[in-house]
Every structure is written in structure tokens, then in C-alpha cells.
Amino acid sequence: MRVSPQKARLVLDLIRGRKVEDALNTLAFTKKRVAATVEKLLRSAVENANYLSGEKGFDVDVDNLYVKQAVAGDGPRMKRIRPAPMGRAYRYVRRIAHIQLVLAERNTGEGVATVVGEDKPAAKAPARAKRKAAGKKAAGAKKAVAKKS
């Protein structure tokens with residue numbers, strides 16, 4: 001979107017972590033120009049989740065969705081020139097923001113959040129824990145040997 005990322009982040013900070021209904025209400029009453037675009041993007045994400053639950057067979061409860069991640073990153077910058085007094089020219093930059101929203105499903109009974117449309121990385125977590133534990137054991141063994149000698 002043609003807005004600076006700093007201005008977009010002001011609006012995205014308002015909706016991060018909120019339920020989709022609350023986020024839509026917040027965006028409807030926010031007096032920033034970028035709020036209308038973020039609202040449109042959020043509605044699109046909800047419709048995508050609805051499509052996944054209806055057509056693709058994912059088990060998604062649209063009522064339990066919340067905004068897990070809302071990021072405004074830098075896009076390409078357009079460099080422009082403004083006429084200045086005495087034949088000079090001042091350069092200025094028009095910034096562009098890339099806005100990303102990630103919705104997840106919050107299960108109220110279990111307290112577990114799952115990202116819509118992505119696989120669960122649960123299989124990777126134990127392997128990481130094993131590697132960390134092995135690294136700590138190896139580091140402890142090396143330190144003990146160094147102290148003896």
C-alpha cells in the first residue's frame with residue numbers, strides 16, 4: 001500500500017492479538033487512512049479461512065480466529081523531485097508498506113493456537129530440545145575436562 005510502514009504499524013498495533021470481530025470493530029472506528037485497507041485485508045483473510053474450512057477440508061472455526069501476527073514491512077521506495085527556489089530541486093521519498101496478517105485459531109478449552117492453512121511444527125520442537133540438551137551435555141563435559149587438566 002502507498003503509505004509509510006511507520007503509519008501502518010500504528011494501526012496494526014491496535015489489532016494484533018485481538019479476536020477478528022474486535023479487530024474489525026476497532027478498524028471501523030479508527031481515523032487513519034490505512035485502517036480501511038487493513039480492514040479489507042482482514043476481511044479477505046477471514047474469507048480465505050472460511051474457504052479453507054468449507055472447500056479444502058481444514059477444520060477451522062471462524063468464530064475462534066484471532067490476529068496472530070500483523071506486520072508492516074518496507075517496500076520499494078519511489079524517489080521524487082520537488083521544485084525548489086532559485087532553480088534548485090529537493091528530493092523526497094514516497095514510501096510503500098507491505099502489510100501481512102496471519103490469523104490463527106484459538107481453542108478456548110485447550111489454550112492451544114493453530115495457524116490457519118499451515119502445518120503444525122510440533123514434530124520439530126522435540127528434535128530441537130534434544131539437540132539443545134545434547135549441546136549442553138557436551139559443553140559441560142568439555143568444561144569438566146578443562147578444569148581437571
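Derivation of every value follows stated rules applied to the coordinates shown; laboratory data play no part. Predicted model, so just to flag it, every value in this text is computed and none were measured. All Cβ positions, glycine included, derive from the backbone under ideal geometry; neighbour counts span all protein chains shown.
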Which ordering of TYR51, TYR66 is given by a fewest-first count of other beta-carbon atoms within 10 Å? TYR51, TYR66
For a quick check: with amide H placed at 1.01 Å from N, whose amide H comes under 5 Å from LEU103's, ignoring anything fewer than 5 positions away on the same chain? LYS68, VAL116
With 21 Å as the limit, write out which pairs from LYS19/LYS56; LYS7/LYS79; LYS40/LYS79; LYS19/LYS68 have Cα-Cα distances beyond it, or answer none. LYS19/LYS56; LYS40/LYS79
Using the C-alpha gyration tensor of region 5-118, what are the square roots of 5 times its eigenvalues, in whole angstrom, with the largest one first? 38, 14, 11
I need the phi-derived Karplus couplings for region 48-59: 6.51 cos²θ - 1.76 cosθ + 1.60, θ = phi - 60°, integer Hz, Gly and Pro marked x. 5, 5, 5, 5, 4, 6, x, 9, 8, x, 6, 8
Under a crude label model (7 Å from the Cα following the beta-carbon direction), how far is ASP59 from TYR90 in nanometres? 6.1
Please report ILE96, ILE81, ILE15 as a ranked list, fewest other C-beta atoms within 10 angstrom at the top and most at the bottom. ILE81, ILE96, ILE15
Once phi for every residue in region 92-107 is put through the Karplus expression 6.51 cos²θ - 1.76 cosθ + 1.60 (θ = phi - 60°), the whole-Hz ³J(HN,Hα) values, with Gly and Pro written as x, are 9, 10, 9, 8, 10, 10, 9, 9, 10, 10, 10, 9, 9, 9, 9, 7
Once you keep just the Cα pairs under 8 angstrom separated by 6 or more residues, what percentage relative contact order results for region 5-118? 28
Taking N as the number of residues in region 1-42, the ratio of its alpha carbon radius of gyration to 2.2 N^0.38 Å works out to 1.03
